[in-house]
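Below is one structure; the comments refer to it alone.
The values are calculated or read from the model by the stated rules, or taken from the named source; none is laboratory data. The model shown is predicted, which means the values in this text are computed figures rather than measured ones. With ideal geometry, Cβ positions are generated from the backbone for all residues, glycine too; neighbour counts draw on all protein chains shown. The protein model used for the area step is the full one, side chains on, heavy atoms only, and it has no ligands, DNA or RNA in it. Shrake-Rupley method; radii C 1.70, N 1.55, O 1.52, S 1.80 Å.
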Amino acid sequence: MSVRKKVLVLGAGLVARPLVDYLLKRAGCEVVAADLVLDKAQGIVAGHRQGRAVSLDIENEAELASFVAGSDLVVSFLPFGYHPRIARHCLDRGKHLVTSSYVSEAMRALDAAARAKKLIFLNEVGLDPGIDHMEAMRIIQGVWDRGGEIIGFVSYCGGLPAPEAKTNPFGYKFSWSPLGVLLAAKNSAKFLWEGQQVYLPADKLFDEPASLSIEGLGTFEGYPNRDSLSYLQVYGIPGARTMLRGTLRWPGWCRTFKRIKELNLLDEAEENLGGLTWKGLLAKKMGLKENEKVGSLLKARFKDPEDKQVLERMEWLGLLKEKPLPPGRRTALQALVDLLADRLRYEPGERDMIVLRHEITAAYPGGKKESVLSTLVDFGLPGGDSAMARTVGLPAAICARLILEDKIKDRGVLIPTIRGVYAPVLRELQAYGLRFRETREAVH
């Protein structure tokens, strides 16, 4: 790039630093990092001479418009609900946009307007969604190139503590938004399994987790993630008989969150929680007037042998303690987010881990069938970037550079399922140690 490009980065959270570092050093951009909390923005700019940290209230439309106008491209790591509004500012001012979030209906509705202005609104370029799409399409395109078709697609992805950092009874620590994790636990799911459509309402999401073995790491459990059926069209494989995208966790997560949901601790309804303790909140959700009965009634309600560990996790978390709820919280969900964020946090020097696994089955002329197993495992750097930050921030950064260098020719609201995006991104990610391990075997 002969002229130094200007990038506005909205949100300085857990995954933003690798992106900002890449854009400043690898892409040679000027970067404005904007966050409501100035210290967070300053932390990811790290004093680089081409970087600037600013405090920005995203609700201030005039200020947001001014910052968008002063950039060539906007990257947003804000919650997905803000993205359509940010995209409209980009439309008004002729700026490209990159996000790592799923494409909402409101974002998709801007496709024609973005194409008319020759703009790129590239979404879903993190880990999941993001790298998962890219590797899926690389494999699928390879099958097509050899005259085959996809008949099965099963994918699981999880951000987890590394084995040595799995030091709490939940087997989980937060490397991204705690609220996002809990809201995802409230989703329903749809998928296709051997020709049969399966719908799981939210209260059944954790009922029958799959068991998966990852070489060198051990056994995990997986559960379906949202609407897998839509990816038959997204990936161009409408003839597949199996299509499932899911979330990966260390064992015990699904049973525990099934019980937490049954106790209405993910309730988003506003209520008067003033003066309540955690045990008092449980009593309220169980319809009890006396806190003392909570423990005995929980044991009576959850009698299955597997529930013994669930109750131990709840006790370890502090749900049975006479400890006041966090002040100012108006919903059970808000209070639980605070508790989990405190108890399920990484300690200094601990590593997180991401695991992404595709199992894709292809059929070829003549009756030959093949199973392709492609697995990405990455660990955080002690004292440095987390694996989650690297696998979300780096692909988003590479995509931003490709747009600024006019190397992506498609226009409109896009996701990285086109070869002009996924091929160069996957190739460059290998230089950062993000490589998939692939095995293939015949299916009889």
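Quick one: is Leu78 modelled with pLDDT of 95 or more and either of a type in the set (Phe, Trp, Tyr) or surrounded by 15 or more Cβ atoms within 10 Å (Cβ to Cβ) (or both)? In short, no.
Could you run through region 377-422 and say how many residues are part of a helix (DSSP H, G or I) and among the charged types (D, E, K, R)? Break it down stepwise before answering.
Initially, region 377-422 is screened for residues part of a helix (DSSP H, G or I), giving 387-404, 419-422.
Going one step further and asking which of them are among the charged types (D, E, K, R), we end up with 390, 401, 419.
Final tally of qualifying residues: 3.
Of the residues in region 335-356, not one is open to solvent by 20 Å² or more (accessible area, probe 1.4 Å), among the hydrophobic types (A, V, I, L, M, F, W, C) and assigned to a loop (DSSP other than H, G, I, E, B). Before we move on, is Ser71 of a type in the set (S, T, N, Q), buried (at least 21 other Cβ atoms within 10 Å of the Cβ) and within 23 Å of the chain's Cα centre (by Cα)? No; evaluated as a whole, the condition is false for this residue. For region 168-223, the strands (runs of 3 or more DSSP E) that sit wholly inside it and include 3 or more residues that are surrounded by 15 or more Cβ atoms within 10 Å (Cβ to Cβ) and out of contact with any helix residue (DSSP H, G or I) (no Cβ under 7 Å at 6 or more places or on another chain) are 189-193, 210-214. When only residues in region 1-32 that are closer than 16 Å to Leu402 by Cα, among the small types (Gly, Ala, Ser) and open to solvent by less than 30 Å² (accessible area, probe 1.4 Å) count, which is modelled with the lowest pLDDT? So, considering only residues that are closer than 16 Å to Leu402 by Cα, among the small types (Gly, Ala, Ser) and open to solvent by less than 30 Å² (accessible area, probe 1.4 Å), the one modelled with the lowest pLDDT is Ala27. For Thr256, the conditions (1) open to solvent by 30 Å² or more (accessible area, probe 1.4 Å); (2) closer than 13 Å to Leu319 by Cβ; (3) of a type in the set (S, T, N, Q) all hold with the exception of (1). Evaluating Ala65 against the criteria (1) out of contact with any strand residue (DSSP E or B) (no Cβ under 8 Å at 6 or more places or on another chain); (2) open to solvent by 40 Å² or more (accessible area, probe 1.4 Å) leaves one unmet condition, (2). Is it the case, given these coordinates, that Ala362 is open to solvent by less than 10 Å² (accessible area, probe 1.4 Å), more than 14 Å from Pro169 (Cα to Cα), touching a residue at least 40 places away in the same chain (Cβ under 8 Å) and not charged (D, E, K, R)? Yes; evaluated as a whole, the condition is true for this residue.
Scanning region 372-404 for residues that are at pLDDT below 95 and surrounded by fewer than 22 Cβ atoms within 10 Å (Cβ to Cβ) gives Leu381, Pro382, Gly383, Gly384, Asp385. So Leu248 clears everything in (1) closer than 19 Å to Met314 by Cα; (2) open to solvent by less than 20 Å² (accessible area, probe 1.4 Å); (3) out of contact with any helix residue (DSSP H, G or I) (no Cβ under 9 Å at 6 or more places or on another chain) except one condition, right? Which one? All conditions pass for Leu248, except number (1). I'm trying to understand the selection: among the residues of region 396-444, which are closer than 19 Å to Asp21 by Cα and more than 24 Å from the chain's Cα centre (by Cα)? Within region 396-444, Leu404, Glu405 qualify. Counting only residues that are surrounded by fewer than 22 Cβ atoms within 10 Å (Cβ to Cβ) and either under 19 Å from Pro79 (Cα atoms) or in contact (Cβ under 8 Å) with a residue 40 or more places away in the chain (or both), region 33-52 holds 5 of them.
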